[in-house]
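Read the structure below first, then the notes.
The values are calculated or read from the model by the stated rules, or taken from the named source; none is laboratory data. Just so it is clear, the model here is predicted, and its values are computed rather than measured. Cβ placement follows ideal geometry from the backbone for every residue including glycine, while neighbour counts extend to all protein chains displayed. SASA here: full protein model, heavy atoms, side chains in, ligands and nucleic acids out. Shrake-Rupley method; radii C 1.70, N 1.55, O 1.52, S 1.80 Å.
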Amino acid sequence: MKDEPTLMRISWKKYESLSLTEKAHYFNEAGRLYHIMIAQQFDRSRMDELGMLATIIRRIAKTEEGIKFLKDLLSHKRAMLYFSQPSSRTFLSFCAACQILGISIGEVRDTATSSEFKGESKEDSVRTFSSYFDLIIMRSEVGGLAERMAWVLSNSERPIPIINAGSGKDQHPTQALLDIYTLQRSFEGNGGIDGKRILFAGDLLRGRTVRSLAWLLTAYRDVKQIFAAPKDLQISEDILAMLDQKKIMYQRIDDFKSLIPEADAIYMTRIQDEWDTQKAGKRNERDISKYSFTGNDLKRLKKSAVILHPLPRRSEISTDVDDDPRAVYWRQMRNGMWIRTALIATIFDRKEMIKAYASYKGIVV
Ligand code: NCD
């Protein structure tokens, strides 16, 4: 693996000029996933492999002995959770994933409590974390910041991996991976993800989970992506150009409700109004009833279809939908913990040990 591209051997200027698919080659170490930055790093075999590992881990964790085995795997490692943007599920599921693998954790969730408040740069902050920890998991309101930090660390004397847990309006690769895992599990015994119609609804312009998921779905055969949004919040041109280039079927519509009967999966999102230039605390109230899913809409949904949401939700899914077996968003949330555990185990090269333990215990997937 001597000649594999790494962030160490490229200037920031050259790196910035690359396309996303070109960038994706720069995040491996010794042929293995190292930094987790963008959805473009994941092809179908990587997603299948991760999904399988997540399922094995989930099954191992069903017994006390299995939980102890997992907890021993990385008990010599420490992870830093650096979240300068609000988070519940992503933060907590990464905490839980670290705990499952025995990794100790530290956190900064509010830069007003760190030296950034005194004017320290993000670069210096991240180098500080790398002095004490073996992994950084970061969320930031600044698009592309995680990539910049990965480059900085790869070129420092203490390079450690970084996982992007959501960057600006840009990407959220680990959410998209758990969405894929949820779809894989939902369509088990129903032909898998291939050939399905995925209907996205809501704020598709600023929803970073959709942007990452639209890419991951291109790895599957004959999947049609349908984007239902108000005109000013439609999916952006860069995603459509990517779909065109890969000859993927897609459709942009504003009438969400009419497409419900045709969907195999509906991916709901909230309006990301924190990006509006309004005064803090004042939401840009708009009527989103055309882009919401209610108990009434269940009647028009296929029996085999599923409803996903990265959460948090507001009113775009009414609570009377929650008890329907096709509403999988709570399961989707728990899947996040398993897929993130699988991802961290892969970064630290524990995949084969986990598989060997599972086969010794007769756990088959
Ligand atoms: C999403 C995010 O932060 O991008 N949430 C999440 O990570 N589950 C979606 C959102 O905030 O609406």
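Long hydrophobic helices in the chain, taken as whole DSSP H segments with a C-alpha length of 15 Å or more on their own axis and mean Kyte-Doolittle hydropathy at least -1.0: 44-60, 89-100, 173-186, 329-347.
Restricting the range 107-137 to GluC sites (Glu not before Pro) that sit in a DSSP loop and have at most 14 other Cβ atoms within 10 Å of their own Cβ leaves 120. Under the criterion of Cα pairs below 8 Å and six or more residues apart, the relative contact order for the chain equals 18 percent.
Taken over the Cα atoms of the range 248-365, the convex hull encloses 200 Å³ per residue. Taking 0.36 nm per residue of sequence separation and subtracting the Cα-Cα distance, how much length would be gained by fully extending the chain between residue 121 and residue 43, in nm to one decimal? 24.6 nm is the gain from fully extending residue 121 to residue 43. Ellipsoid semi-axes for the range 78-157, based on the Cα gyration tensor and the rule √(5λ), read 19, 15, 12 Å when sorted largest first. The listed residues 132, 291, 250 rank as 132, 250, 291 when sorted by accessible area, largest first, using a 1.4 Å probe. If the chain linking residue 68 and residue 158 were pulled fully straight, counting 0.36 nm for each residue of separation and taking away their Cα-Cα distance, it would gain 29.4 nm. Bridge orientation summary for the chain: considering DSSP beta bridges with both residues in this region, about 10 percent are antiparallel.
Using every pair of distinct Cα positions in the chain, the Kirkwood expression returns a hydrodynamic radius of 21.3 angstrom.
Computed with a 1.4 Å probe over protein heavy atoms only, the accessible surface of the range 24-118 comes to 45 Å² per residue.
Counting only protein heavy atoms and using a 1.4 Å probe, what share of the accessible area of the range 278-355 belongs to carbon plus sulfur, as a whole percent? Roughly 51 percent of what the probe reaches on the range 278-355 is carbon or sulfur. With coordinates expressed along the principal axes, the C-alpha atoms belonging to the range 22-174 extend over 48, 35, 30 Å, beginning with the largest. Highest mean packing comes first when the peptides 100-106, 69-75, 48-54, 299-305 are listed by Cβ atoms within 10 Å, giving 48-54, 100-106, 69-75, 299-305.
Averaging the Cα positions of each part gives two centres, and for the range 204-280 and the range 304-351 these lie 18 Å apart.
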